[in-house]
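Right, one structure below, let's go through it.
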Amino acid sequence: MTTKKPVSARALLARINRQLAKDGQQMKTCPERSQWHDELGSYYIVDLDTSTIVVKGIDDLEEWTRREMDGVLKPFEALEG
């Protein structure tokens, strides 16, 4: 049995934002209690140059990261919690 190394959501978000910064973008969180949560999802990406939302509706951070951000989350790592 192989145990995956846990990575906190905060650490994963920092990794993602380091990658996105190269393109002038940043991932933000939207609290569940926010009036915008239904529209934006738990996470969304903003283009910092134009202040526009370029990706929204990210609710499964680990799955999205593995699909869209190649190499940010290693195969032996998993989002904790």
> Taking amide H positions as placed 1.01 Å from N in the peptide plane, with prolines and chain starts having none, which residues 5 or more places from Val7, or on another chain, fall under 5 Å of its amide H?
Replying inline: Ala78, Leu79, Glu80
>> Tell me the angle of helix 9-21 to the major Cα principal axis of the chain, expressed in degrees between 0 and 90 and rounded to the nearest ten.
In response: 60
> From the phi of every residue in the range 29-37, what ³J(HN,Hα) in whole Hz does the Karplus formula 6.51 cos²θ - 1.76 cosθ + 1.60 yield, where θ is phi - 60° and glycine or proline is x?
Replying inline: 9, 10, x, 4, 7, 5, 5, 9, 4
> Given H placed on each backbone N at 1.01 Å, which residues far from Leu48 in sequence or on other chains put an amide H within less than 5 Å of it?
Replying inline: Gln25, Gln26
> Where nothing but the Cβ of Lys and Arg (+1) and of Asp and Glu (-1) is charged, how large is the charge dipole of the chain around its Cα centre, in debye to the nearest 20?
Replying inline: 400
>> Between Gly57, Gly71, Gly24, where does the largest GNM mean-square fluctuation fall for the chain, given springs only between Cα atoms within less than 10 Å?
In response: Gly71
>> If you wrap a convex hull around the alpha carbons of the chain, what volume per residue comes out, as a whole number of Å³?
In response: 94
> Exactly which GluC sites (Glu not before Pro) in the range 12-81 are in a DSSP loop and have at most 15 other Cβ atoms within 10 Å?
Replying inline: Glu32, Glu80
> Among Tyr43, Leu61, Ala78, whose Cα sits farthest toward the positive end of the charge dipole of the chain (+1 at Cβ of Lys/Arg, -1 at Cβ of Asp/Glu, about the Cα centre)?
Replying inline: Ala78
>> Set the bar at 20 Å for Cα to Cα. Now go through Lys28/Lys74; Lys28/Lys56; Lys4/Lys74 and name every pair that lies beyond it.
In response: Lys28/Lys74
> In sequence order, what are the phi-derived ³J(HN,Hα) couplings for the range 58-72 according to the Karplus relation 6.51 cos²θ - 1.76 cosθ + 1.60 with θ = phi - 60°, rounded to whole Hz, with x for glycine and proline?
Replying inline: 8, 10, 10, 4, 5, 4, 4, 4, 5, 7, 9, 10, 3, x, 6
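Quick note: the coordinates plus some simple rules give every number you see, no bench work behind them. Just so we're clear, the structure is a prediction, and the values are computed from it rather than from any experiment. Virtual Cβ from ideal backbone geometry, glycine too; neighbours counted across all protein chains shown.
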